[in-house]
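The next block holds one structure in the form of structure tokens; read it before the comments.
The values are calculated or read from the model by the stated rules, or taken from the named source; none is laboratory data. This is a predicted model, so every value here is computed, not measured. Cβ atoms come from the backbone with ideal geometry, glycine included; neighbour counts cover every protein chain shown. Heads up: the accessible areas ignore ligands, DNA and RNA and are worked out on the full protein's heavy atoms, side chains in. Shrake-Rupley method; radii C 1.70, N 1.55, O 1.52, S 1.80 Å.
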Amino acid sequence: MPAPVWILHIDMDAFYASVEQMDQPELRGRPVAVGGIGGRGVISAASYEIRKYGVRSAMPGTTARRLCPQGVFLPVRMERYKEVSRQVMHALEEFSPLVEQASVDEAYMDATGLERLFGPIPELCETIRARVRKATGGLTCSVGAAPVRFLAKIASDQNKPDGVFLIYPEDVDSFLKTLPVGKIPGVGKRGREILQELGVRYAGQIPNRPRAFWEQRFGKWGGELYDRCRGMGSTEVVPYAAPKSCSAENTFERDTLETATLRRWLLAQSDRVASDLRRHGVRGRTVTLKAKFADFRQVTRSRSLDHRTSETDTIYGTALELLEELCPKTPLRLIGVGVSNFSPRSRQLSLLEPEETSRPDPKKQHLEQTVDAIRRRFGPGAVRRAALLEKPSDKSEPSKHGDGQSSGGNGRDGSSGH
Ligand SMILES: [Mg+2]
């Protein structure tokens, strides 16, 4: 018999506020809120102490201050939260490779079959919680366990903070009977109102009407609601997969053999690729140059470095060498740069890579991080290399051309979850 499916939802308790209270022991036990600094800011996280005053996340800072004038209001330190978040995710990955980070402070884990390794599910949940506490230096989380994802998420909220809640397969029906419909993900204020008009207060009442009824009311989503309220839902946990390569290429408006033009394109592309690599938190060892001739013949040339990189200059320098070696004799219609051969993500996220033979230049790294931050805020065109600002000798302006840019692999945007 196959092992029963268990999906866990692990959710850190008042994450940002708890990190602040951990880092500043004098704040422990005090009403703390993160965010809401400045005139129009909203609260990002509220400690359990300040929640007693009615302060909640997403509330305007001014309201929060009025509710709790003695509260401690702190600025958001996202880099620090991300650092702790990585510790949490690493701790979870010690239990299973099937960990999906859902946000900076929550993750799903497919725990099916883990009982054989770690004991019964309640025990596993406690072991995970202890491991997270140790890995972070003392933070608590709540864990929900259920046969499907959305129930696991609901479950992690049931005994929050610092608690565990399990929904065994045989208890799903009775759990849904008393579950207020508003707790089902996707049922908002308006949905609740409509359901209330229909006399529906609990999830378990939905299946009293046929699936078609709900589809008629809410469309496709109505069918999903019906399924969920019968305990059916997704069990899929998709672990993060870094892209296997990052590349950028452009097709010229006019075929060209002009060195200065080709170099400028390569620099713009190298910069774009390097920026992508850093966004995904990966570095690659192999640089590939791609060129397509006017007659559509295509060639690629690759070189592996003695270290992994996400630096524009290194990528550009290597691409340039490859171009010089290729020494095209006929005009090119396309040129592109790619980087592949990444280090595994688990090691990538530790700050030091033991196998690294040449350390990245910290000054250069700092510069590139600054550039990335400005681009995140003001868009990709906000910072350009001086060499790219030279008057182009052909009509095309490399950094304005988004066409042909591609990021290989199935990676998701690292900035969303981490
Ligand atoms: Mg949380």
Aspartates and glutamates with Cα under 12 Å of residue 363, excluding same-chain neighbours fewer than 8 positions away: 311
Specify, per residue and in Å³, the volume enclosed by the convex hull of the alpha carbon atoms belonging to the range 38-193. 140
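Using the structure shown, select from 82/134; 153/220; 292/329; 160/183 the pairs with a Cα to Cα distance greater than 20 angstrom. Don't jump to the answer; show the numbers that get you there.
On the way: 82/134 17 Å; 153/220 22 Å; 292/329 12 Å; 160/183 15 Å.
Correct reply: 153/220.
Need one number: convex hull volume per residue for the range 182-228, Cα atoms only, in Å³.
Per residue, the Cα convex hull of the range 182-228 comes to 65 Å³.
Relative contact order for the range 128-279: what is it in percent, counting Cα pairs under 8 Å that are at least 6 residues apart?
16
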Each label sits 7 Å from Cα toward the beta-carbon; between residue 127 and residue 201 the label points are separated, in nm, by 4.2
Residue-span extension gain [residue 375 to residue 28] - 0.36 nm each, minus C-alpha spacing: 121.3 nm
List 179, 198, ordered by accessible area with a 1.4 Å probe, largest first: 198, 179
Using the heavy atoms of the protein chains alone and a 1.4 angstrom probe, what is the accessible area of the range 182-228 per residue in square angstrom? 61
Gained length - residue 263 relative to residue 66, 0.36 nm times residue gap less alpha-carbon distance: 65.1 nm
Give the residue list of trypsin sites (Lys or Arg not before Pro) in the range 1-103 that are DSSP loop and have at most 13 other beta-carbon atoms within 10 angstrom. 40, 52
Per 0.36 nm of contour for each residue apart, how much would the distance between residue 244 and residue 208 grow if the chain were fully extended, relative to their Cα-Cα spacing? 8.1 nm
For the range 22-79, what is Rg from Cα atoms divided by 2.2 N^0.38 Å, rounded to two decimals? 1.00
Isotropically averaged projected area of the range 21-127, using the convex hull of Cα atoms (one quarter of hull area), nm²: 8.1
Probe 1.4 Å - accessible area at residue 89, Å² to nearest ten: 10
Give the carbon-plus-sulfur fraction of the accessible surface of the range 182-228 in %, rounded to a whole number; probe 1.4 Å, heavy atoms of protein chains only. 46
Heavy-atom accessible area per residue, the range 1-158, 1.4 Å probe: how many Å²? 43
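Carbon-plus-sulfur fraction of the accessible area of the range 1-45, 1.4 Å probe, in percent?
Carbon and sulfur: 56 percent of the exposed surface of the range 1-45.
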